[in-house]
Amino acid sequence: NGDGALWGEASGSQSGSGSADDDRVPEQIRTQDESLQDHLLGQLAGARCTPKDRALVSLLIGEVEEDGYIRSSLEELASSLPPEADVEPEEWVTALRLLQSFEPTGVGARDLAECLRLQLPQSVDDVDDLAVVELTRRLIDNHLDLLAAREFSKLRKFLRCSEPMLREAQKLIQRLDPRPGRQFGGDSAAYVVPDIVVR
């Protein structure tokens, strides 16, 4: 996807293949055992909510993808339940809000803008300029496509802001994680290189 343009990610991979004479051979491989769903279910177990809310949040957790997003609409999920379940639309919204209060922040979002909006309040504690925070909110809500396309002059025009303010808003967005679920899962291995190798 085009999210890399927002975060200035490099196109190349940082993991290289080692040669036969490479002295830095990984000695241990650490895998992440806990899946994102396990992590969320653990938080649900400690949450104070009604049994019905617990059941709905559990269903939502089953829909969370590896990157932390839910791509099924609440309407699709509601239609998958039998009519006798008698779940009102507001109950789905309540369950979604509960899920979105869990860690990692941004989990349960339906799109990039919602994911960033969920994370923004926790990322502005050290920002003194409230105008930059408000500008960042407006940027997330309305103009992520222009930011990804690096259309800075158009952004300044639409947002009626100065270049330094736009830069500060962009820095604030770059603090946020567009894929909050990526830290979980057992598929990727993290290689641990020892400080000293004795031969």
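The values are calculated or read from the model by the stated rules, or taken from the named source; none is laboratory data. Being a predicted model, the structure only gives us computed values, none of them experimental. Heads up, the Cβs are rebuilt from the backbone with ideal geometry, glycines too, and the neighbour counts pull from every protein chain shown. Accessible surface is based on the protein model in full, side chains and every heavy atom, while ligands, DNA and RNA are left aside. Shrake-Rupley method; radii C 1.70, N 1.55, O 1.52, S 1.80 Å.
Can you give the FRET efficiency for PHE152 and GLU75, using 1/(1 + (r/R0)^6), R0 = 45 Å, r = Cβ-Cβ distance, to the nearest 0.05?
Values: r = 37 Å, r/R0 = 0.82.
Given R0 = 45 Å and the Cβ-Cβ separation, E is 0.75.
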* Taking 7 Å along the Cα-to-C-beta vector as the label spot, tell me the GLU90-GLU163 distance in nanometres, rounded to one decimal. => 5.1 nm
* 21 Å Cα-Cα reach of LYS171 towards lysines, excluding residues that sit fewer than 8 places from it in its own chain -> LYS154, LYS157
* Structure fact -> Per the Cα gyration tensor, the stretch 90-186 corresponds to an equivalent ellipsoid with semi-axes, largest first in Å, of 26, 14, 14
* Asked: Measuring from label point to label point, each 7 Å out along Cα→Cβ, what is the ARG110 to ARG138 span in nm?
  -> 2.5 nm
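Relative to the present Cα-Cα distance, how much length would full extension add between ALA131 and ARG48 at 0.36 nm per residue of separation?
Numbers: separation 83, 0.36 × 83 = 29.88 nm, distance 3.60 nm.
My answer for the length gained is 26.3 nm.
How much of the accessible area of the stretch 111-163, in percent, comes from carbon and sulfur atoms when a 1.4 Å probe is used? It would help to have the intermediate numbers written out before the result.
Working: 1440 of 3140 Å².
Answer for the stretch 111-163 is 46 percent, counting heavy atoms of protein chains only.
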